[in-house]
Amino acid sequence: MASNFDTVRGTPPGILLIRSVRGKDWRFSTYRYVVLFLTFVAYASYHASRKPSSIVKSVLYPEPTNKDNGLVLPWLGQVFVKTNYMGNASHHRHRLIDKGWAPFNSKDGTTKLGEIDVAFLACYSLGMYVAGHLGDTLDLRLFLTCGMVGSGVFVALFGMGYFWNIHVFGFYLGMQMVAGLFQATGWPSVVAVIGNWFGKGKRGLIMGIWNAHTSVGNISGSLLAAGVLDYGWGWCFIVPGAFIALAGILVFLFLPAYPEDIGFSSPHGSASSLEAVPADEEANMGKGIQVESETNMSRAGSVTRTGVGLIEACAIPGVIPFALCLFFAKLVAYTFLYWLPFYLSQTEIGGEYVYVKSAGNLSTLFDVGGIVGGILAGYISDKLNARATTAACFMYTAIPAMLLYRRYGSISHNINILLMMVAGLFINGPYALITTAVSADLGTHSSLRGDSRALATVTAIIDGTGSVGAAFGPLLTGFLSTIGWDAVFVMLMVCALIAGLLLSRLVISEISEKTCKPPVSSGRHNFGAPVYQPLLSDQR
């Protein structure tokens, strides 16, 4: 392929270098693995950069003095640490305010911490709608790179408040708000890239495995932040900020956002030609043969693409119900993301309190359960061809899981670990399914005509609406935790119930379709009456 054509199509410079060194190109399947790996690293770094605020909550808003003695697990280090605290639970709540970090060490410290979270998530959710439309019209690779580098800068600036000895609440609020805007570029972009490279047939399982980046990012962010906490809480933000910025450079160098950008035809084809030519093109892609047709490739690459408006994307069947469901599902998931370490450090477990650093390490087990939940939900939804039913069942099961964790998690260390992982499985499972496979399915829905695509736009609508709920969750928790943690868990269980109920119409349609088994005249999706048929690109 000519170098000037590569430049026009937006071929990443790293791939151009590899081609020149090897003297030949990779196969289509190899590029798919590269795309999976790079988008995995990219979004893991996004989540890693969001985790520090949950780790430092108990440092900014102080806790009783702890001793470093307690349960030691070889794979997490010193996890449960018994405190030297003396006194009753009531006195425990009236903590000293002569330590911590102003302005968060006052009586309304938890409220201020909640406001910091909601400021980030509010800007994140609002920015998501704009970012989704831009992602469908701009070069996804460059768009994603700018978002990652910008996120790294402002996450690190939040941590610099420690070294600059800043105690102005507005500074930290402003840094979180700008960081939220940059973070909004991530999810619509990575889901759109994956949707560009993979067909629908096994998308649930593939994206379920791939979506482990969320939990891996949370785990790595927790471990990174907890690992440098002893050197000052500012490092908890600077290190993950540097991590996401470096990952952004990697994306710029090596991520092909579209198969057309590097000379391959799309596995989807255009809406008008999907049934006419995909078999030959897919055969060529499977053999690693580049499709050089100027007419075919000029319609869907990074530079010349036709986007879809928000109103048109909202009209796609299934977008609104799944978006509203995610509002409540993500509210629950992000409450655990932002407040679980703090909850662990404030709750007596087996007669002991957990040291703040150990609480950050321990909270990663929730995300370990989330990894299993995401994969399991994707696999089940593929097997049943029923995304809505799978998501609803997981949300309903999350209710008793949270109830058991709250009621029996304080009995012993081992029971807390087990119930935390079970809760993570059922909470993160539907959240992962809706934000990945469902969003990608709807973004390439048959109602879209011509060469216009709505992958990033639909993803932004669904996840943006979910992020509004995610903003309310930590904010409500900041207020309700002053009343008691029982109130927090009641709120979470009610939200999980509502999330499941919002999918009732789609669940009924899926069950009816399975029971009646009507004849399938086309391989197109309709989330009003779901029929999940794989594209020809997945029938190899």
Provide the per-residue ³J(HN,Hα) series for segment 340-352, in order, calculated from phi with Karplus coefficients 6.51, -1.76, 1.60 and θ = phi - 60°, each as a whole number of Hz, with x at glycine and proline positions. 4, x, 5, 4, 5, 6, 9, 10, 6, 10, x, x, 10
First measure r as the distance between the Cβ atoms of residue 396 and residue 20, then evaluate 1/(1 + (r/R0)^6) with R0 = 41 Å and state the FRET efficiency to the nearest 0.05. 0.15
Each residue of segment 382-391 in turn: what ³J(HN,Hα) in whole Hz from Karplus with 6.51, -1.76, 1.60 and θ = phi - 60°, glycine and Pro shown as x? 5, 5, 8, 6, 9, 5, 5, 4, 4, 4
I need the peptides 340-349, 47-56 ranked by packing, meaning the mean over residues of other C-beta atoms within 10 angstrom, with the highest value on top. 47-56, 340-349
On full extension of the chain, what length is gained from residue 137 through residue 347, given 0.36 nm per residue of separation minus the C-alpha to C-alpha distance? 70.8 nm
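Which length gain, in nm to one decimal place, applies between residue 412 and residue 314 when the Cα-Cα distance is subtracted from 0.36 nm times their residue separation? If you can, show how the numbers build up before the last one.
Numbers: separation 98, 0.36 × 98 = 35.28 nm, distance 4.73 nm.
That pair, residue 412 and residue 314, stretches by 30.6 nm at full extension.
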³J(HN,Hα) computed for each position of segment 332-338 - Karplus, 6.51 cos²θ - 1.76 cosθ + 1.60, integer Hz, glycine/proline x: 5, 4, 6, 5, 5, 4, 8
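Since every read-out is calculated from the coordinates, none of them should be taken as a lab result. Every value quoted in this text rests on a predicted model; they were computed, and no experiment measured them. Note that we place each Cβ from the backbone using ideal geometry, even for glycine, and neighbour counts take in every protein chain shown.
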